[in-house]
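Values in this text are rule-based calculations from the coordinates and carry no lab data. These numbers come from a predicted model, not from an experiment. When we count neighbours, we look across all protein chains shown, and the Cβ atoms used for this are built from the backbone with ideal geometry, even at glycine.
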Amino acid sequence: MGSYHGWGIRGLAYALSWPGIAVSAATELTAELGPDDPRRALLSERVEQSRKVQAQLIAPGQAVVKLKDPVLVALGNDLSPVTMAYGRQVWGTPTIACPVFEDVEQVKANAHKLNEYDAVVVASQWNRDVLRELGIDAMLCHEGVDSFLFHPDVRKREKDGKFRVFSGGKAEYRKGQDIVIEAFRRFARTRDDAVLVASWGSPFSWSGQDFEGKWRWGAPPGLHIGKPNYHAWTQRAGIERHQFECLDPRPNWRMPEVYANIDVAVFPNRREGGTNFVAMEAIACGVPTFIRLGCGQDDLIGTGEFYNRIGDDAEIVAACVEAMTMAYEGTARGQTKTGSYWTWQRHCAEMAEIVRNV
């Protein structure tokens, strides 16, 4: 249960929205809610319940702990389970694998690991298609956003004459910050009022190293000491100092205050295993949003994005410039997702039904 990265936010969502009691066996129990959030007492209760469950894992000599309760296991590209509290592996009744992945080759090499689970549930049609081609009958359950926090009423733009372009997600080649920077540099060349607002911070200090050797401006300076300097990075690439704003890392509950002032959001991600929490949040707030197609983000088509494209990097740079221009000229309109589909309440209800039927 955390507030600074995707898996933590998903754990927080289960704590708040599961139709019953959901606890975390992972050591991170640092999730936050705003001071006026009526769910704070519920979160505190779930954190304390999680600690009690984790205390059961201390028993010596048990590398693997079997519980009578259902267990959902988060998996990444190598399909290896995350080690839980006290270094234990936790299995339940049933045990359901919940992989979100981008590296197809790694998944192919490790697909056999999924045979250990009672069921496999993924978060995007693309992930399901990849697994089904490997003979794994995965089920699909889209993730959601916190509708208590992310909704169109948060849009209250400052009248300061600035045009704000938003880019979110940890800095890494897969997320395409180089594409955003190149597109914004071209767009802002003749628009001095444009500002690139970046939410690229991450608990993973090494994030961004993979730009080295793949982009002419390399990786963000300062990574070797765990302090990436995104201001220097964007200036190196040709963006004026006054046209870049780097947000300090903040808990998820404080992101609506960012979306309140955004004119357009762009997500040219090269590969996204899921549907991209940050893009979903921007759309839910009614921010005009561009998404790149080809992977997990495809499932967002028609849910509120105003513009999408598929293509190589050069084509996506041009598409981002066009999206920024449309928003600047007032021809782009943000549209919120309709109905209650893209919510954590719906996700948790669907997952609970899957658990009951396994």
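Some notes on this structure:
- Full-stretch length increase - R254, D78 - with 0.36 nm per residue and alpha-carbon distance subtracted: 60.2 nm
- Each residue, D160 and L293, gets one label point 7 Å from its Cα in the Cβ direction; the gap between the two is 3.7 nm.
- Of all aspartates and glutamates in the structure, those lying under 13 Å Cα to Cα from K159, and not within fewer than 8 positions of it along the same chain, are D193, D263.
- Charge dipole magnitude, Cβ of K and R +1, D and E -1 - the chain, Cα centre, debye nearest 20: 480
- Going from the residue with the fewest nearby Cβ atoms within 10 Å to the one with the most, W233, W200 rank W200, W233.
- Per residue Cα convex hull volume in Å³ - calculated over the stretch 209-358: 168
- Computed [θ] at 222 nm, helices only, for the chain once each DSSP H run of length n ≥ 4 contributes -39500 (n - 2.57): -8500 deg cm²/dmol
- Simple label model, 7 Å out from Cα along Cβ direction - V358 to F204, nm: 2.4
- The residues T95, T289, when put in order of fewest to most other Cβ atoms within 10 Å, stand as T95, T289.
- Excluding same-chain neighbours fewer than eight residues apart, the aspartates and glutamates reachable from K113 by a Cα-Cα span under 18 Å are D78, E102, D103, E105, D129, E133, D137.
- Residue among W342, W126, A85 farthest towards the positive dipole end of the chain, charges placed on Cβ: A85
- Neighbour-count order for D298, D36, fewest beta carbons within 10 angstrom listed first: D36, D298
- Cα lying deepest toward the dipole's positive end in the chain, options H151, A219, Q54, charges on Cβ: Q54
- Of the trypsin sites (Lys or Arg not before Pro) in the stretch 101-185, those whose Cβ has at most 13 other Cβ within 10 Å and which sit in DSSP loop: K156, R157, K159
- Over 21 Å between alpha carbons, listed pairs K175/K214; K108/K214; K52/K170: K108/K214; K52/K170
- Straight-line cross-link partners of K66 among the aspartates and glutamates, defined as a Cα under 20 Å from its Cα and at least 8 positions apart when in the same chain: E116, D118.
- The gain in end-to-end length when the R51 to E315 segment is fully stretched comes to 90.1 nm, 0.36 nm per residue minus the alpha carbon separation.
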